[in-house]
Amino acid sequence: MPFVSLLSAATISQAGTRMSQLAVPWLVLTETHSPVLTGLVGTAEIAPYVVLQLLGSPLVDRLGGHRVALAGNLVAGLAMAGIPLAWQAGWHQLWIVLALVFLAGMARGPADPAVHVMLPPVAERAGIGIDRATALSEGASRLASLLGAPAAGVLITVIGAADVVAFDAASFLLCAALLTLVPVEAGLTERDGLGYRRQLSDGLAFVRRHPLLRSISGMVLFTNLADAAMSGLLLLLWAQRHYGSADRVGVTAAVFGAGAVAGTAAMVAIGSRLPRRWTFAVAFLVGGAPRFAVLVLPVPYAVVLAVWGLSGLACGAINPVLGAAQYEVIPRALQARVLSTVNALAWAGIPFGALLAGALVDAAGLTAALVVGAVLYLVVTLDPFLRRSWDLMNRSDRLETDLTEPVTARSPS
C-alpha cells in the first residue's frame, strides 16, 4: 500500500536521523571537549538543509516529488556512511564530519519537503482525510524519535558514536528503497510553465500575503531555535554534567517521545473534532518552556522525566494541527514551493541554535542558557493566545480563495 510505504519510509529515515542527531554531537564533544565546536556540527548540517529547502522547491515541481525524494535520500545515506568509514580508517578530523553532514543536509533539503508533497495525493488515494493523514504522519515521526533516541543512547555506550551514525546511513538507503513502492505520479504537480525565479517568488509571495502562514513561520522560527539549542547541545551538557554519560539523554528523549506518540494518537482519534487554534496554543505552551525550566531546578530525575513526558504529550498535538491547516490553505499546485518556503523560514534559526547555545554556555554557564531558552519559549508561545491571525486555522477555505488568484496571476518575470 503506497500510504503505508510512504509513512514507513519517513519513519525509518527519521529514526536514523534522530540517532545521528545524538551520536554526531556526542562524537565531536568527546573528541574536542568544546561546546562551540559541538554546536558547529548542527549548523553545518542544518544551514544547507534550510537553504536548499527554499531554493530546491521549484525542482520538486519540475522533476516531481518522487524523484527528488529518492535521489536526496540516496545521497544523504552515502554521505552519512562516510563518517563511520572515516573513523574506522583513523581519520578523526573535524572537517571531515563537517563536510559530510553538510552534504547530507544539502541532499535532505529538497528531499524532505518532496515527501510532504506526496502525502495528500497518497492519502486521498487511500481514502484517508487530511487531518487523519497528517496525524498519522506525525505519529510515525514521533514513534521514530521514540525508538531512535534511546537506541542511540545505549548504542553509543556499547559500540561508540561513530558506528551509531552507520544506522542513520542505512535508514536513508532503506527509505529510498521504500519510496520505490510509491507511485511516481503521487509526487507530480501540474506544470505551470513558469521559470525557476517565478516559481520561487510565488512561494515567497504566497507566504508574505497570508497572515496565518506568516504567523506560523515567525513563531516556529524561534521555537525551533530553542529546540535546536536543547537537542543539539543543552541536554547533552546537562546529562554530561550531572550523570557523565549519554544514556540519560536517550532516556529523557524517549520519555518525551512516548508522550508525543500518545498525544499524536489522541489526535488521530479526535483531532478533527478539536478547535485547531486553541489546541495548538495550549499544546505549545505546555510543551515548550517547562522542558527548559525543569533542567534548572534541583529536582529528582523522576520529576524531569514527568515534565518531559507531559510536554511530549502536548507536543504530539502541534504538528498534526499545523500540517492539516497548511495543506488546506495552500493550493495543491503551489504546495511544493509554499511548504518549502514556510519550512525554510521556520527552520532558519535551527542552524544557529546549538551554536548560539554553545557561545552562551561559554559566556554565562549552562544554567543561564537554560533560563534564556525557557523565557524565549514562554514569550513566543503566548502569541497564539493574543493575535487573531491564528483564527485562520479554523477558517482556511475562505482564505485560500481570497489569496490564490492574486499570487498566481502575475505576469512571468
Matching residues, segment 237-285, being under 19 Å from Met19 (Cβ atoms) and free of Cβ contacts under 8 Å to residues at least 40 places away in the same chain: Ala239
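Which one of Leu74, Leu94 is closer than 15 Å to Cys175 by Cα and either surrounded by 24 or more Cβ atoms within 10 Å (Cβ to Cβ) or touching a residue at least 40 places away in the same chain (Cβ under 8 Å) (or both)?
Every option except Leu74 fails the conditions.
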Of residues in segment 39-56 being of a type in the set (Val, Ile, Thr) and crowded, with 24+ Cβ neighbours inside 10 Å, the one nearest to Gln93 (Cα to Cα): Val41
Options Leu37, Leu54; residue that is closer than 26 Å to Val361 by Cβ and not aromatic (Phe, Trp, Tyr): Leu37
Please go through segment 267-288 and give me each residue that is in a loop (DSSP other than H, G, I, E, B) and crowded, with 18+ Cβ neighbours inside 10 Å, ordered by number. Gly288
Given the residues Leu370, Leu339, Leu345, which is the only one that is over 14 Å from the mean Cα position of the chain (by Cα) and not aromatic (Phe, Trp, Tyr)? Leu370
Residue satisfying condition, being farther than 17 Å from Val251 by Cβ and of a type in the set (S, T, N, Q), within set Ser311, Ser340: Ser340
Could you look through segment 289-323, keep only residues that are in contact with a Ser or Thr (Cβ under 7 Å, 6 or more places away or on another chain) and crowded, with 24+ Cβ neighbours inside 10 Å, and pick out the one that is nearest to Asp247 (Cα to Cα)? Trp308
Of the numbered conditions (1) within 27 Å of Asp247 (Cβ to Cβ); (2) of a type in the set (Val, Ile, Thr); (3) crowded, with 20+ Cβ neighbours inside 10 Å, Val36 fails exactly one; give the number of that condition. (3)
Of everything in segment 65-97, what is within 20 Å of the chain's Cα centre (by Cα) and among the hydrophobic types (A, V, I, L, M, F, W, C)? Give them in sequence order. Val68, Ala69, Leu70, Ala71, Leu74, Val75, Ala76, Ala79, Met80
Please specify each residue of segment 147-159 satisfying the condition of being surrounded by fewer than 24 Cβ atoms within 10 Å (Cβ to Cβ) and touching a residue at least 24 places away in the same chain (Cβ under 8 Å). Leu147, Pro150, Ala151, Val154, Leu155, Thr157
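Could you tell me whether segment 319-330 includes any residue that is in contact with a Pro (Cβ under 6 Å, 6 or more places away or on another chain) and of a type outside the set (Lys, Arg)?
yes
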Enumerate the pairs (first residue in segment 367-388 and free of Cβ contacts under 8 Å to residues at least 12 places away in the same chain and farther than 15 Å from Gly287 by Cα; second residue anywhere and part of a loop (DSSP other than H, G, I, E, B) and not polar (S, T, N, Q)) with beta-carbon separation below 6 Å, excluding pairs fewer than 6 apart on the same chain, so at least 6 apart or on different chains. none
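We did not get these values from a lab; they are worked out from the coordinates using the rules stated. Source: prediction; values computed, not measured. Note that we place each Cβ from the backbone using ideal geometry, even for glycine, and neighbour counts take in every protein chain shown.
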